Amino acid sequence: MTPIGQIENDVLIGQHGHLFLAGGRHRVLEFSSGRVVVPEGCYAIFEANLTQRAAWTASRGAEYSHLIFPEKQSVLLDSYPLPEPICLGEAYLKRCPAIADKVVYPRDLLRLHQRECFLHTDTHLSNRGTILALRDLVEKLTGSDASAFAANLLEQVCSEEDYCGDLGSKLSPPRSHPELYFSGKTTPYFFSNRLRQNHGIVDIWISFDSVSDKRLLIFGDSFGRDVARFGSFFFREIMFLRTPFYHIDIVDQFRPDFVVTENVERYLDFVQHDSERPSFHMFPFLSNSATFVPSREFAEAFSALLNFPRRPYKNFIDKLRRVAETAT
């Protein structure tokens, strides 16, 4: 077994059973140690993107926030076997103070719960960590206290399962660890295009029993996808799109009450301007998914929600309500 502090196949072995990403395309260890620095122009692009996104969102009568998920080593300081790392989220906030009020960066909150907020053999947050970050985001967006909402979800994170994550699977032999998972009732209506790649994934969550009747649009990565899942207990409708960009055409079609853009820290190694975005709908065909065809159920849901508040949207929601009433 690889000893603590050593690296095997881009995986750094940490304390307390935790594994850390050390390599990969984003060179996490090099950035966190300071051996490589963010290109100077990326700070200005990040600030310009968020300034424009906030203005676009406000002009449409919605609220906007950007969520930066801290990297695992930025939170688990007592498990990380190397000197305290450089946190890219913190670096961007220091360099871009003009947009700091638009950013949610829950590093300090997660540090208070560090032993339980990340999966041991994976780069991702645990269910508990995601719910804690969601609480911060909801309070930022709505201005209301979300502690009771989060506490209710946290009580239902109680089902234990052994898990071999994206880091544990890189080791030989693979390494797993018992984790706690949410065991509560899921949101009734979930639709996904189930795209087998990253950019272009779409998830839709609809719940008539949500805390709020507001609608949320998320542009982000896999961390934002987890937020959408648990956020569906708070927001009536959530649409998550896997993309690093803000797609103004989608905002105009979905017409949400809240817009969130999101990225994990390692994606701050290089930032592209939103003007470089392709059409979101073309992502599957700009890679190796030219034969991709979503299900009819997903296509109906996606089309309906992009027609808010016109008749196709109303007909679709009315149909779901009738099904829900019949089921009860």
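The values are calculated or read from the model by the stated rules, or taken from the named source; none is laboratory data. Since we're looking at a predicted model, the values are computed, not measured. Positions of Cβ are backbone-derived with ideal geometry, glycine not excepted, and every protein chain shown enters the neighbour counts.
Go through segment 153-195 and report how many residues are modelled with pLDDT under 95 and of a type in the set (Val, Ile, Thr).
2
Here is a list of conditions, (1) in a helix (DSSP H, G or I); (2) under 24 Å from the mean Cα position of the chain (by Cα); (3) farther than 20 Å from residue 46 by Cα, and residue 275 meets all of them except one; can you say which number that is?
Here residue 275 clears every test but (3).
Being closer than 30 Å to residue 295 by Cα, surrounded by 20 or more Cβ atoms within 10 Å (Cβ to Cβ) and either at pLDDT below 95 or touching a Cys at 6+ places or on another chain (Cβ under 7 Å) (or both), is that true of even one residue in segment 196-206?
The answer is no, given that none of the residues of segment 196-206 is closer than 30 Å to residue 295 by Cα, surrounded by 20 or more Cβ atoms within 10 Å (Cβ to Cβ) and either at pLDDT below 95 or touching a Cys at 6+ places or on another chain (Cβ under 7 Å) (or both).
I need a count of the residues in segment 26-56 that are of a type in the set (Ser, Thr, Tyr), under 18 Å from residue 95 (Cα atoms) and over 23 Å from the mean Cα position of the chain (by Cα).
Here is the first cut: in segment 26-56, the ones of a type in the set (Ser, Thr, Tyr) are 32-33, 43, 51.
Filter once more, keeping what is under 18 Å from residue 95 (Cα atoms): 32, 43, 51.
Then keep just the ones that are over 23 Å from the mean Cα position of the chain (by Cα); that gives none.
Summing the residues that are of a type in the set (Ser, Thr, Tyr), under 18 Å from residue 95 (Cα atoms) and over 23 Å from the mean Cα position of the chain (by Cα) in segment 26-56 gives 0.
Take the residues in segment 77-99 that are over 11 Å from residue 32 (Cβ atoms) and assigned to a loop (DSSP other than H, G, I, E, B); name whichever of them is farthest from the chain's Cα centre (by Cα). Talk me through it step by step, then tell me what you get.
Let us first name the residues in segment 77-99 that are over 11 Å from residue 32 (Cβ atoms), namely 77-79, 81, 89-90, 92-99.
Filter once more, so that each one left must be assigned to a loop (DSSP other than H, G, I, E, B): 77-79, 81, 96.
On the way: 77: 22, 78: 25, 79: 23, 81: 26, 96: 22 Å.
So, considering only residues that are over 11 Å from residue 32 (Cβ atoms) and assigned to a loop (DSSP other than H, G, I, E, B), the one farthest from the chain's Cα centre (by Cα) is 81.
What is the number of the single condition among (1) out of contact with any Pro (no Cβ under 6 Å at 6 or more places or on another chain); (2) acidic (Asp, Glu); (3) over 26 Å from residue 24 (Cα atoms); (4) surrounded by fewer than 18 Cβ atoms within 10 Å (Cβ to Cβ) that residue 160 does not meet?
If we test residue 160 against (1) out of contact with any Pro (no Cβ under 6 Å at 6 or more places or on another chain); (2) acidic (Asp, Glu); (3) over 26 Å from residue 24 (Cα atoms); (4) surrounded by fewer than 18 Cβ atoms within 10 Å (Cβ to Cβ), just (1) comes out false.
Could you go through segment 77-92 and let me know if any residue there is over 14 Å from residue 267 (Cα atoms), surrounded by fewer than 18 Cβ atoms within 10 Å (Cβ to Cβ) and of a type in the set (Ser, Thr, Tyr).
no
Can you name every residue in segment 110-145 that is outside any helix (DSSP H, G or I), crowded, with 21+ Cβ neighbours inside 10 Å and out of contact with any Gly (no Cβ under 8 Å at 6 or more places or on another chain)?
Within segment 110-145, 125, 126 qualify.
Considering only segment 128-138, I want to know if a residue exists there that is over 20 Å from the mean Cα position of the chain (by Cα) and without any contact (Cβ under 8 Å) to a residue 40 or more places away in the chain. Reasoning before the result, please.
Taking segment 128-138 first, the residues over 20 Å from the mean Cα position of the chain (by Cα) are none.
Looking through segment 128-138, none of the residues is over 20 Å from the mean Cα position of the chain (by Cα) and without any contact (Cβ under 8 Å) to a residue 40 or more places away in the chain.
Taking the condition in contact (Cβ under 8 Å) with a residue 40 or more places away in the chain and among the aliphatic types (A, V, I, L, M), does residue 264 pass?
Yes.
Restricting to segment 1-44, name every residue that is hydroxyl-bearing (Ser, Thr, Tyr) and touching a Leu at 6+ places or on another chain (Cβ under 9 Å). Give the steps one after another, and end with the answer.
Taking segment 1-44 as the starting set, the residues that turn out to be hydroxyl-bearing (Ser, Thr, Tyr) are 2, 32-33, 43.
Within segment 1-44, 2, 32, 33 qualify.
Could you please find all residues in segment 57-72 being within 21 Å of the chain's Cα centre (by Cα) and more than 20 Å from residue 86 (Cα to Cα)? Before the answer, list the steps.
Of the residues in segment 57-72, the ones within 21 Å of the chain's Cα centre (by Cα) are 57, 62-72.
Across segment 57-72, the qualifying residues are 57, 62, 63, 64, 65, 66.
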